[in-house]
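Colleague: What follows is a single structure, and I will ask about it in a moment.
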Amino acid sequence: MGASNIKEAVKAKYLERLLQNKTKQPIKVYNLTAGGLFLWEEICILDKIRNRFRGIVVLQIAPRRLVLDRGHLKGGITRHSRLAMYCPKFDEEMRLAGVSKPQWIGNYFLDFYKFFVARLPALLKNLVIGPVQWNPQNAHKWRPPTQKQWEKSVNNLVKWQKTYHENRDANFEVYRRLIRYLRESGIETAFLEVTRNPAAEAIIFAKPDFVKIYQEYQSDVIKFAQEMKIPYWDLAKFADLKPKDFIDHVHLKKDKARRRYTAVLATRIIDMLSTQEQFEGP
């Protein structure tokens, strides 16, 4: 589960094939990624499916996941405008964050009217040209960023440091509650660090202040992962990702790079599966 950078980096069907070939087990991989997916949306989705499968949830972790404040829990996210699902666990997170939870009417279409209104143009278009065929990876079709857009995106990569200390602990607690909630159903979790273009890293890691706080971030994540007894995977260097593999500052465009990254991820998942009691492979 994760946002667009994970979506563009992991080939789910290829991952599934690698896992099945190695373990000789009928392992199924579900791609639950979407552009701009928030942690609280992931909570909502997992709230609905946690009792319907056994296995591992690979969760995106990134500095931006730890700097969001309660203001991001209002508006569209609070109303589940992209999900249109009742999620008790999500509502509980609203209460703990001090944000008023949605006041549901009890009529599904009225409670989630924003979801349907936002999709009316697409519905009308699809009636004419037919339904959209979903493609999990399409960054290669994007227009490369202009120099101005590139500079803006790179600068945005460092803005999170301004609110990191202020919001870090509260967001770790959200992760803590989610991991424990999944574990109650026999589901284990792994953290997957987001991908970054080495060309962007060369710029941002030239800033001493950023290096210092990023090292603090990684130390915090490692410490939290050890405390929760879950793995933390930062796979970019193991997949040998190069600037030419990216369309912009974080999204992979080359299929070969996706396969390298997915193959490395597969080895980590296999190692994790081999330590779980429910895995009955060799």
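The values are calculated or read from the model by the stated rules, or taken from the named source; none is laboratory data. Not measured: the values here are computed from a predicted model. Glycine also receives a Cβ, built like all others from the backbone with ideal geometry; neighbour counts cover every protein chain displayed.
Colleague: Looking at Leu120, Leu59, Leu157 in this structure, which one is in contact with a Phe, Trp or Tyr (Cβ under 8 Å, 6 or more places away or on another chain) and under 21 Å from Gly36 (Cβ atoms)?
Modeller: Numbers: Leu120 fails: in contact with a Phe, Trp or Tyr (Cβ under 8 Å, 6 or more places away or on another chain); Leu157 fails: in contact with a Phe, Trp or Tyr (Cβ under 8 Å, 6 or more places away or on another chain).
The conditions single out Leu59.
Colleague: Could you pull out the residue among Phe172, Phe224 that is under 18 Å from the mean Cα position of the chain (by Cα), over 23 Å from Ser4 (Cα atoms), at pLDDT 95 or above and among the hydrophobic types (A, V, I, L, M, F, W, C)? Please lay out each step first, then the result.
Modeller: On the way: Phe172 fails: over 23 Å from Ser4 (Cα atoms).
Going through Phe172, Phe224 in turn, the sole match is Phe224.
Colleague: Testing Asn135 on (1) modelled with pLDDT of 85 or more; (2) exposed (fewer than 15 other Cβ atoms within 10 Å of the Cβ); (3) over 30 Å from Val221 (Cα atoms), one condition comes back false. Which one is that?
Modeller: Going through (1) modelled with pLDDT of 85 or more; (2) exposed (fewer than 15 other Cβ atoms within 10 Å of the Cβ); (3) over 30 Å from Val221 (Cα atoms) one by one, Asn135 breaks only (1).
Residue by residue, here is whether (1) among the charged types (D, E, K, R); (2) in contact (Cβ under 8 Å) with a residue 24 or more places away in the chain; (3) touching a Lys or Arg at 6+ places or on another chain (Cβ under 8 Å) holds:
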position: Ile105; (1), (2), (3): no, no, no
position: Phe112; (1), (2), (3): no, yes, yes
position: Arg119; (1), (2), (3): yes, no, no
position: Val132; (1), (2), (3): no, no, no
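Colleague: So which pairs qualify, if the first residue must be in the stretch 184-195 and over 20 Å from Ile222 (Cα atoms), the second must be among the polar types (S, T, N, Q) and in a loop (DSSP other than H, G, I, E, B), the Cβ gap must be under 8 Å, and the two must be at least 6 apart or on different chains?
Modeller: Short answer, once both residue conditions are applied: Ser185/Asn51; Gly186/Gln278.
Colleague: Limited to the stretch 106-139, what total is found for residues that are outside any loop (DSSP other than H, G, I, E, B) and more than 23 Å from Ala202 (Cβ to Cβ)?
Modeller: From the stretch 106-139, those outside any loop (DSSP other than H, G, I, E, B) are 108-111, 113-118, 120-129, 139; that's our starting set.
Retained after the next criterion (residues that are more than 23 Å from Ala202 (Cβ to Cβ)): 108-111, 113-118, 120-129.
Going through the stretch 106-139 one residue at a time, the tally reaches 20.
Colleague: So Val117 passes all but one of these: (1) loosely packed, with under 13 Cβ neighbours inside 10 Å; (2) farther than 30 Å from Ile43 by Cβ. Which condition number does it fail?
Modeller: Among (1) loosely packed, with under 13 Cβ neighbours inside 10 Å; (2) farther than 30 Å from Ile43 by Cβ, Val117 violates only (2).
Colleague: For the stretch 239-275, give me each residue that is surrounded by 19 or more Cβ atoms within 10 Å (Cβ to Cβ) and among the hydroxyl-bearing types (Ser, Thr, Tyr).
Modeller: Tyr261, Thr262, listed by residue number.
Colleague: Still on this structure, please answer the following. Would you confirm, using the coordinates I've provided, whether Thr267 is under 18 Å from Ile56 (Cβ atoms) and in contact with a Phe, Trp or Tyr (Cβ under 6 Å, 6 or more places away or on another chain)?
Modeller: Judged against the criteria, Thr267 is not a match.
Colleague: Inside the stretch 196-217, can you point out the residues that are among the aromatic types (Phe, Trp, Tyr), in contact (Cβ under 8 Å) with a residue 12 or more places away in the chain and touching a helix residue (DSSP H, G or I) at 6+ places or on another chain (Cβ under 7 Å)? Please lay out each step first, then the result.
Modeller: Looking only at the stretch 196-217, we keep the residues that are among the aromatic types (Phe, Trp, Tyr), and these are 205, 210, 214, 217.
If we keep only those that are in contact (Cβ under 8 Å) with a residue 12 or more places away in the chain too, we end up with 210, 214, 217.
Phe210, Tyr217 - these are the residues of the stretch 196-217 that are among the aromatic types (Phe, Trp, Tyr), in contact (Cβ under 8 Å) with a residue 12 or more places away in the chain and touching a helix residue (DSSP H, G or I) at 6+ places or on another chain (Cβ under 7 Å).
Colleague: Do you know which residues across the stretch 168-195 are in a loop (DSSP other than H, G, I, E, B) and out of contact with any helix residue (DSSP H, G or I) (no Cβ under 6 Å at 6 or more places or on another chain)? Steps first, answer last, please.
Modeller: Taking the stretch 168-195 and keeping what is in a loop (DSSP other than H, G, I, E, B), we get 184-187, 194-195.
Within the stretch 168-195, Glu184, Ser185, Gly186, Ile187 qualify.
Colleague: If you check Trp160 against the conditions, is it touching a His at 6+ places or on another chain (Cβ under 9 Å), part of a helix (DSSP H, G or I) and over 30 Å from Asp271 (Cα atoms)? Lay out the reasoning, then the answer.
Modeller: On the way: touching a His at 6+ places or on another chain (Cβ under 9 Å): no; part of a helix (DSSP H, G or I): yes; over 30 Å from Asp271 (Cα atoms): yes.
Spelling it out, it is not the case that Trp160 is touching a His at 6+ places or on another chain (Cβ under 9 Å), part of a helix (DSSP H, G or I) and over 30 Å from Asp271 (Cα atoms).
Colleague: Can you pull out the helices (runs of 4 or more DSSP H) entirely within the stretch 5-105 that have at least 1 residues that are within 17 Å of the chain's Cα centre (by Cα) and modelled with pLDDT under 90?
Modeller: Working: elements: 12-23, 39-49, 88-96.
Where helices (runs of 4 or more DSSP H) fall fully within the stretch 5-105 and carry at least 1 residues being within 17 Å of the chain's Cα centre (by Cα) and modelled with pLDDT under 90, they are 39-49, 88-96.
Colleague: Filter the stretch 16-61 for residues that are among the aromatic types (Phe, Trp, Tyr) and in contact (Cβ under 8 Å) with a residue 24 or more places away in the chain and give the result. It would help to see each step written out before you state the result.
Modeller: Of all residues in the stretch 16-61, those among the aromatic types (Phe, Trp, Tyr) come to 30, 38, 40, 53.
Hits for the stretch 16-61 are Phe38, Trp40, Phe53.
Colleague: Would you call Asp220 over 24 Å from Pro243 (Cα atoms), touching a residue at least 12 places away in the same chain (Cβ under 8 Å) and in a helix (DSSP H, G or I)?
Modeller: Working: over 24 Å from Pro243 (Cα atoms): yes; touching a residue at least 12 places away in the same chain (Cβ under 8 Å): yes; in a helix (DSSP H, G or I): yes.
Yes; evaluated as a whole, the condition is true for this residue.
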